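Accompanying notes for the structure given below.
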């Protein structure tokens, strides 16, 4: 298969995966003195996941009609957006306790480090890792678009505004119809 369809499909799928992963539970935890498990989704951890994911999908769509120079610009944008997804996800991956601190404060009313001591158990799901992987894939494919985007085929020029003049002596269908409308015979050689 060719580079263009693979790159476009990969970028769109990476954005879609990140959007899906952000809506899933990333961290489950239990507070001291309770018997219920609380959950935090990726969007709860960082609300910027959805706009970044949607921007990656939109860039994949824009790449389908972009010219060679704009493809490279969009490839750079996709690479930056992918790196941004990895950065947004890394907060939960590196510090799950810090990622749930807002939810713990909401449930207990305790702020700061004291709220973290109320958590007796927490678990990080694979959806956080899936979102980070989607960001990494988007970043790599964005770089691939920068490198190979100039060689992709261009969109058709069917609807260009510049009209091509008919060759000298070649029959012109429009002028033939006009000649018929005026009562002339377009087949005569006069």
**Single condition residue 75 does not satisfy, out of (1) within 30 Å of residue 146 (Cα to Cα); (2) free of Cβ contacts under 8 Å to residues at least 24 places away in the same chain; (3) part of a helix (DSSP H, G or I)** = (2)
**Prompt:** Taking residue 60, is it buried (at least 21 other Cβ atoms within 10 Å of the Cβ) and at pLDDT 90 or above?
**Reply:** yes
**Message:** Going by what's in this entry, would residue 18 be described as surrounded by 17 or more Cβ atoms within 10 Å (Cβ to Cβ), in contact with a helix residue (DSSP H, G or I) (Cβ under 9 Å, 6 or more places away or on another chain) and part of a loop (DSSP other than H, G, I, E, B)?
**Reply:** no
**Asked** Under the condition of being surrounded by fewer than 17 Cβ atoms within 10 Å (Cβ to Cβ) and touching a helix residue (DSSP H, G or I) at 6+ places or on another chain (Cβ under 8 Å), which residue from the stretch 88-100 is farthest from residue 36 (Cα to Cα)?
**Response** 90
**Asked** Restricting to the stretch 63-72, what's the tally of residues that are surrounded by 15 or more Cβ atoms within 10 Å (Cβ to Cβ) and either part of a helix (DSSP H, G or I) or at positive phi (or both)?
**Response** 3
**Prompt:** Among the numbered criteria (1) within 16 Å of the chain's Cα centre (by Cα); (2) closer than 20 Å to residue 5 by Cα, which single criterion is violated by residue 88?
**Reply:** (2)
**Prompt:** For the stretch 120-152, how many residues meet the condition of being buried (at least 21 other Cβ atoms within 10 Å of the Cβ) and touching a strand residue (DSSP E or B) at 6+ places or on another chain (Cβ under 9 Å)?
**Reply:** 3
**Request:** Could you pull out every one of the helices (runs of 4 or more DSSP H) wholly within the stretch 86-190 that has 2 or more residues that are modelled with pLDDT of 75 or more?
**Result:** 96-99, 101-108, 126-148, 173-181
**Request:** Would you tally the residues in the stretch 4-42 being over 12 Å from residue 128 (Cβ atoms) and more than 13 Å from the chain's Cα centre (by Cα)?
**Result:** 15
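The values are calculated or read from the model by the stated rules, or taken from the named source; none is laboratory data. What you are looking at is a predicted structure, and each value in this text was computed from that prediction instead of being measured. Positions of Cβ are generated from backbone atoms using ideal geometry, with glycine treated the same way; all protein chains shown enter the neighbour counts.
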